[in-house]
Amino acid sequence: MPSAALPGAAGAGAAAPAADVLAPARVVAEETLLAFDYGTKKIGIAIGNTLTRQATPLEIIHSEVRDVRFGRIAALLREWQPQRLIVGLALNVDGGEQEATARCRRFANQLHGRFNLPVVLVDERGSSMQAQALLGTNAPDDAAAAAVILQRYLDALPG
């Protein structure tokens, strides 16, 4: 089922395509969240929760093999037991969709279908540049970009 999302983003569902714009979720309880900066070569992952409203880079999955990726994600879900997943949605500078947008939506739908957790898509424009600025180096920034995406979600929550 689609989950609430930030403006300019969409929830990811298993059966139907995700809607384009939904309102931010109303948080009634503390939730642990895992966020993903999806790429075809690697996936950045961050952790956070709605109580502290702080996102922290967790790790980067450096595999292009689907079973390896989803195996590691399954292990992280067992370890952290999140109640919701956040996926960065790749958009053009003007907010339009691009080839990577469909891949992000597909990944979000796969997460929902495999793990039966609500998934929220969040606009990831500029997250890698922001992550590079925060890191102050040219080191791999995928996990930091996932933290930027998650922080955007947390900052948009009501209350």
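The values are calculated or read from the model by the stated rules, or taken from the named source; none is laboratory data. The shown structure was predicted, so the numbers you read here are calculated from the model rather than taken from an experiment. Positions of Cβ are backbone-derived with ideal geometry, glycine not excepted, and every protein chain shown enters the neighbour counts. Only protein heavy atoms, including side chains, enter the accessible area calculation; ligands, DNA and RNA are left aside. Shrake-Rupley method; radii C 1.70, N 1.55, O 1.52, S 1.80 Å.
Rolling a 1.4 angstrom probe over the protein heavy atoms, how many square angstrom per residue are accessible across the stretch 42-159? Write down the numbers at each step before the final one.
Values: 5700 Å² over 118 residues.
For the stretch 42-159, the per-residue accessible area is 48 Å².
When the dipole is taken about the Cα centre of the stretch 33-91, and only Lys, Arg (+1) and Asp, Glu (-1) are charged at their Cβ, what size is it in debye, to the nearest 20? Write out the running numbers ahead of the final one.
Details: 8 positive and 5 negative charges, 15 e Å.
Approximately 80 debye in magnitude.
Let me see the pair-distance distribution of the stretch 57-159: every alpha carbon pair, 10 Å bin width, integer percents in order.
Going from the shortest bin to the longest, the percentages are 14, 44, 37, 5, 0.
How much length is gained if the chain between Asp67 and Asn92 is pulled fully straight, taking 0.36 nm per residue apart and subtracting their Cα-Cα distance, in nm to one decimal?
That works out to 6.1 nm of additional length.
What is the distance, in nm, between label points placed 7 Å from the Cα along the Cα-to-Cβ direction at Thr52 and at Glu30?
Simple spin-label model gives 1.1 nm for this pair.
Counting only other residues whose beta carbon sits under 13 Å from that of Gln151, what net charge do I get with K and R as +1, D and E as -1?
Numbers: positive: Arg53, Arg152; negative: Asp37, Asp123, Glu124, Asp155.
After counting each charged neighbour, the total is -2.
Around Gly39, which amide H atoms from residues at least 5 apart in sequence, or from another chain, sit under 5 Å from its own amide H, with H modelled in the peptide plane?
Gly44
With the full set of protein chains in place, find how many percent of the accessible area of the stretch 42-137 is carbon and sulfur; take the probe as 1.4 Å. Walk me through the numbers before you get to the answer.
Numbers: 2510 of 4910 Å².
Accessible surface attributable to carbon and sulfur in the stretch 42-137 totals 51 percent.
Near the amide H of Leu58, under 5 Å away, which other amide H atoms are found, from residues 5 or more places off or on another chain, if H is placed in the peptide plane?
Ile45, Ala46, Ile47
Go through the stretch 81-94 residue by residue and turn each phi into a ³J(HN,Hα) via Karplus (6.51, -1.76, 1.60, θ = phi - 60°); whole Hz please, and just put x for glycine and proline.
3J(HN,Hα) across the stretch 81-94, in whole Hz: 6, x, 9, 8, 10, 10, 10, x, 9, 6, 10, 5, 4, 7.
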